[in-house]
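Take a look at the structure below.
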Amino acid sequence: MPDVLLSDTIAMELGAQEPWPQPIKLYQPYEVEQILLPDNANCLAVQAYLKMCGLEFQIEPRSNAEYMSPSGRVPFIQCGAFLVSEFDPIVSFISSKGSSLSGELGATDKADMRAYISLVNNVLVNAEQYVCWVDQATLISVTKPRHGSVYPWPLNHLLNWQKQNQITKKLNVLGWYNKSLDEVFGEVKNCCTALAERLEGKTYFFGDEPTELDALVYGHIHALTTTPFLPSVCGMSATIGRFQQLIEHCRLVNTLYFKKESDISVGQVYLHDTMSQDSFCNSTGSLESLFPLTEDSFAMLKANEKNDSLEETCHLDLKEFVIG
Amino acid sequence: MGTVLAKEPQAPREFGTTSHNRTDQKREDYRKDYEHSAYYDQERDALPRKPTLDEPKPVNLQRVRARVDKVHIDGLVRTKDDIVKAQVTEMFKAKDFQDVIVRAHKVRGKLDALGCFGNIGVYIDTSKGSDATPEGVEVTFTVSEMKRIMGGINTMVGNNEGSIIIGARAPNIFGRGERLQMEYSYGNKSSTNVSVSAVKPFVDSWLHKVLTASVFSTTNDLPWSGYKQCDTGFLLDLALNRGGTGTLKHNLQYEGTYRNISASKQVTFRVREQSGPSLKSALRYIGCIDKRDSLIFPTTGSLIQFTTEVAGLGGNIGFIKNEFVMQSNWSPHEFATFQLGFQSGLLQGISNDMQISICDNFFLGGPLNLRGFDMRGCGPRCEGNSIGGDVYWALALHLYTPLPFRPGRNSFGDLFRLHGFINGGNLTNCSFKFDRDLTENLKIFTNNVRCTTGAGIAMKLGNVARVELNLIMPLLFVRSDVLQQFQLGIGLQYL
């Protein structure tokens with residue numbers, strides 16, 4: 001069928017001329033019992049972006065959102081007859097409709113923004129996948145029960161296994177699978193350093209108005225700081241918690257656009273034996289559980305402080321992304 | 001049967017020496033025409049005979065008393081004696097010669113049904129030796145066992161699709177009819193089907209039980225509904241049949257299937273929102289009475305089949321599904337056969353926690369189903385995709401005649417029939433409730449009934465499948481239906 005692409009393009013063009021079909025529907029997995037860290041971050045990013053654009057939307061939780069999505073990834077939005085999935089295509093779809101947050105940026109800033117977005121997608125997303133699917137403790141006690149929660153036995157085990165294989169394969173190709181946890185935290189630290197440096201002294205990444213980068217970073221930082229990690233991977237939130245600018249930025253977006261009290265708590269550590277499925281769900285909203293950093297994470301901090309040359313490598317990374 | 005010609009009984013022959021080369025010839029005859037029950041004719045032709053001067057006189061076989069003294073089974077290698085014995089014991093109940101022949105035929109069918117033997121020959125001879133009775137006969141079944149492993153590549157047509165099948169099977173593994181078979185088929189519409197099944201027959205009592213366990217994986221593309229379905233599952237089937245060849249058959253099945261529906265690109269959201277994996281765990285009962293004289297072009301007899309399926313024993317799919325199929329044939333004249341076919345089905349949910357997926361729904365339409373409509377072309381639709389319904393009925397009345405002037409009579413020409421038909425039906429989605437008014441429920445027989453009429457030519461393929469080429473005129477239809485004026489259909493099941 002040679003004319004599929006053509007008809008798609010025509011449909012897209014025609015769609016661009018149509019007025020906004022209101023409201024937009026955002027499909028995502030169930031937040032309380034099903035969604036996993038990487039998906040949660042992406043869903044939050046899209047929600048933040050839509051709110052920043054001032055678009056009305058309606059969240060539709062579906063257990064099979066991942067399978068409904070045209071690309072197989074969540075979230076996706078239904079806008080009239082159109083289905084658009086994932087953050088980047090959603091952003092370009094919305095800008096084709098005329099509401100863009102990055103329209104006024106100069107060419108250099110735009111290129112920078114693309115570079116930072118790739119940085120986040122290449123580092124934070126992979127780190128989240130790693131924590132969920134490679135770290136054995138998290139995999140067994142959190143990821144598998146949550147991912148399989150919407151399917152009956154024995155389908156849950158089969159689908160968990162399939163998904164694990166799929167993610168492992170992907171991380172292997174990207175060279176993340178064989179990393180140690182410390183290396184992963186190191187990558188996250190690099191990424192955050194670059195982001196925090198860009199943010200230095202400003203409200204948003206590009207001046208006083210938010211852009212899609214702000215939405216994306218908000219989504220990831222919020223997901224990473226509010227998710228209670230197991231002791232084995234609590235270094236993740238500890239790593240992020242040291243970047244005060246990013247936490248502040250996240251808090252600001254949260255209060256401005258989500259009209260919620262900031263519930264970002266840094267360095268939460270849950271003891272393995274007291275943790276259950278329920279405490280997980282309920283504790284995301286609690287402020288009280290501010291635990292001091294554990295000895296492990298202190299050791300980690302010291303280890304990371306030795307690497308002073310991180311910033312340079314980060315800049316190098318950025319340049320590569322710009323070229324890419 | 002009545003009277004047939006028989007040989008003089010006073011000419012005993014030495015079995016196994018002179019007649020061996022004739023065996024093959026007899027088998028050939030037998031295979032060619034074994035549907036006919038006038039079986040003794042061939043028996044007579046096959047046996048060596050002395051030229052007789054006087055014309056053979058008609059003999060009433062029912063008056064020729066006979067007693068089966070011995071039954072021999074030749075050619076058993078690894079098949080165990082007990083299952084073969086259980087099949088042939090009824091030979092000893094024969095009272096007269098006709099009875100012997102009828103029972104021999106029946107036993108041959110039973111031995112064939114064991115699935116252990118390739119060819120089965122039957123000899124009836126007078127009994128000799130010291131313990132022979134005056135009216136005694138000896139019956140010899142010459143069997144040849146199948147090889148340990150068999151395989152083949154063949155083509156098949158089914159459900160409007162041609163496919164190639166690569167199969168291998170190991171018959172009679174432990175000597176009691178157990179077999180293992182594997183099959184892989186690939187269709188021209190990129191559907192694939194892999195199945196491995198183990199079959200264990202229990203044939204030693206009057207009730208034949210066949211237990212089949214199979215694992216399968218199928219992929220089907222359904223462009224009319226806009227999705228692709230992948231099934232992977234396990235099926236346990238217990239078939240019950242009186243005597244192995246009776247007309248009443250029961251099947252009890254358990255099926256556990258993991259279904260994955262992937263929506264195609266341009267599909268309505270109604271279908272898309274049902275994509276994803278689901279697990280069906282269901283019990284099914286199939287009861288079938290088949291008294292037709294042929295599968296594809298029957299001239300007399302009828303078929304009644306009930307299917308009840310209860311899903312929801314585990315898994316996340318829950319429903320009760322009932323289906324009824326009926327076919328009745330009547331031939332008032334040699335050249336005219338009327339056939340009435342009726343199908344109906346009802347699908348009900350059992351609880352709100354259990355879903356019903358689009359692939360559990362009923363669909364109507366197709367060249368061998370409700371003729372005149374495209375595949376799944378009748379019934380509820382959403383943005384051009386057929387979404388199926390939960391209750392349907394379809395009725396078809398055919399009139400079959402042989403080809404005019406009977407070209408290729410008794411050979412190639414008998415594969416064809418001309419037929420004229422009128423068929424109708426309805427499929428809706430009315431979330432059937434029994435507490436509602438009956439007239440409300442019966443609206444399916446009055447509102448939006450589809451009806452088409454037409455004529456065409458039908459052909460049988462290998463006595464299992466049929467091909468139809470039809471020209472159809474629609475009489476009653478609904479705006480959203482997809483109609484077709486010319487239809488070519490190939491399939492195993494037909495309305």
- Message: Just to check your reading of the model, which residue among A:Thr168, A:Thr203, A:Thr239 is under 18 Å from the mean Cα position of the chain (by Cα) and of a type in the set (Ser, Thr, Tyr)?
- Response: A:Thr239
- Query: Do you know which of the residues in the range A:51-73 that are in a helix (DSSP H, G or I) and more than 14 Å from chain B (Cβ to nearest Cβ) is farthest from A:Asp39 (Cα to Cα)?
  - Reply: A:Met52
- Message: Can you tell me which residue is nearest to the other protein chains (Cβ to nearest Cβ) among those in the range A:142-160 that are part of a helix (DSSP H, G or I), in contact with a helix residue (DSSP H, G or I) (Cβ under 9 Å, 6 or more places away or on another chain) and not basic (Lys, Arg)?
- Response: A:Leu159
- Note on the structure: Filtering the range B:230-239 down to residues that are away from chain A (no Cβ under 14 Å) and of a type in the set (Asp, Glu) yields B:Asp237
- Only one of (1) closer than 23 Å to A:Glu209 by Cβ; (2) charged (D, E, K, R); (3) within 11 Å of another protein chain (Cβ to nearest Cβ) does not apply to A:Asp88, and that is (3)
- Note on the structure: Residues of the range B:186-208 being closer than 24 Å to B:Lys80 by Cα and buried (at least 17 other Cβ atoms within 10 Å of the Cβ), in sequence order, are B:Ser197, B:Val199, B:Pro201, B:Val203, B:His208
- Residues (free of Cβ contacts under 8 Å to residues at least 24 places away in the same chain and within 14 Å of chain A (Cβ to nearest Cβ)) located in the range B:240-268: B:Lys265
- Query: Do you know which residues across the range B:278-307 are surrounded by fewer than 20 Cβ atoms within 10 Å (Cβ to Cβ), over 21 Å from B:Arg466 (Cβ atoms) and either within 14 Å of chain A (Cβ to nearest Cβ) or polar (S, T, N, Q) (or both)?
  - Reply: B:Thr307
- Among B:Ser302, B:Ser281, B:Ser225, which is assigned to a strand (DSSP E or B) and over 17 Å from the mean Cα position of the chain (by Cα)? B:Ser281
- Task: Identify all residues within the range A:161-178 that are out of contact with any helix residue (DSSP H, G or I) (no Cβ under 7 Å at 6 or more places or on another chain), on the phi < 0 side of the Ramachandran plot and not in a helix (DSSP H, G or I); write none if there are none.
- Result: A:Asn178
- Note on the structure: Of A:Ala111, A:Ala127, the only residue that is buried (at least 22 other Cβ atoms within 10 Å of the Cβ), over 18 Å from A:Gln47 (Cα atoms) and not aromatic (Phe, Trp, Tyr) is A:Ala127
- For the range A:76-127, enumerate the residues that are in contact with a strand residue (DSSP E or B) (Cβ under 7 Å, 6 or more places away or on another chain) and either not aliphatic (A, V, I, L, M) or not in a helix (DSSP H, G or I) (or both). A:Phe76, A:Ile77, A:Gln78, A:Cys79, A:Leu83, A:Val84, A:Ser85, A:Phe93
- Could you look through the range B:212-223, keep only residues that are farther than 30 Å from B:Thr89 by Cα and in contact (Cβ under 8 Å) with a residue 24 or more places away in the chain, and pick out the one that is surrounded by the fewest Cβ atoms within 10 Å (Cβ to Cβ)? B:Pro223
- Query: Which numbered condition trips up B:Val271, out of (1) in contact with a Leu (Cβ under 7 Å, 6 or more places away or on another chain); (2) outside any strand (DSSP E or B)?
  - Reply: (1)
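Rundown of residues vs (1) closer than 21 Å to B:Lys280 by Cα; (2) loosely packed, with under 15 Cβ neighbours inside 10 Å, yes/no style:
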| site | (1), (2) |
| --- | --- |
| B:Tyr184 | no, no |
| B:Val210 | no, no |
| B:Ser225 | yes, no |
| B:Phe234 | yes, yes |
- (1) more than 30 Å from B:Asn260 (Cβ to Cβ); (2) in a loop (DSSP other than H, G, I, E, B) all hold for A:Ala194 apart from (2)
- Query: Within the range A:26-40, is there a residue that is of a type in the set (A, V, I, L, M) and without any contact (Cβ under 8 Å) to a residue 40 or more places away in the chain?
  - Reply: no
- Message: For the list (1) within 13 Å of chain A (Cβ to nearest Cβ); (2) of a type outside the set (S, T, N, Q); (3) under 21 Å from B:Ser344 (Cβ atoms), I need the number of the one condition that B:Gly314 fails.
- Response: (3)
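Any read-out appearing in this document is the output of simple, stated calculations on the displayed coordinates, not a laboratory observation. These numbers were taken from a predicted model, which means no experiment stands behind them. Here Cβ is always computed from backbone atoms with ideal geometry, including for glycine, and neighbour counts include all displayed protein chains.
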